[in-house]
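Novice: Got a structure for you, written out below as structure tokens; questions coming shortly.
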Amino acid sequence: MREERYKILKLVQEGRITAEEAEELLKKLEENQNRGKRLLLLKVIENGNNIVNISIPLSLAKWGLKFANSYAEKYGEKIDFSPEEWEELISNPDLKGKIVDINVPEKNTQVTVEIV
């Protein structure tokens, strides 16, 4: 949990999220630390460099994919999930693997979101 807390604080320091968003994430992280919940892995790679590499509890999936979508939109892509799809993501214990994989070769950028 220490590493996840550090990553959240680093996002605040870099101006990627607000202090209020960080507070919400830290609360959710604490709530889920002992539950053994699945994780959402969010990665953004630009020019071979890890720009974002964070693991968060799946209960924060809406935030994580919103964050990924902001990067995707930067490159003319969009990630669309309905409320029903969100519910399925969170409630289906068998659903695992990559759910978003966007590659923009001309920008040398890749955005991936994975459930583990």
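Novice: Please go through the residue pairs K7/K28; K74/K98; K7/K96; K7/K43; K27/K96 and name each one whose alpha carbons sit more than 18 Å apart in this structure.
Specialist: Going by Cα-Cα distance, K74/K98; K7/K96; K27/K96 fall outside the 18 Å limit.
Novice: List every residue whose amide H lies under 5 Å from the amide H of V100, counting only residues 5 or more places away in sequence or on a different chain, with H placed 1.01 Å from N in the peptide plane.
Specialist: Hits under the 5 Å cutoff: V113.
Novice: Next question. Just grab the label-to-label distance for K27 and L41, each label 7 Å out from Cα along the Cβ direction, in nm (one decimal).
Specialist: With each label point 7 Å from Cα toward Cβ, the separation is 3.0 nm.
Novice: Quick query: amide H of R38 versus all other amide H atoms, modeled in the peptide plane; which residues come in under 5 Å with a sequence gap of 5 or more or a different chain?
Specialist: Correct list: L58.
Laboratory data are not the source of any read-out in this text; all were calculated from the coordinates shown. Everything numeric here is computed off the predicted structure, so don't read it as measured data. Here Cβ is always computed from backbone atoms with ideal geometry, including for glycine, and neighbour counts include all displayed protein chains.
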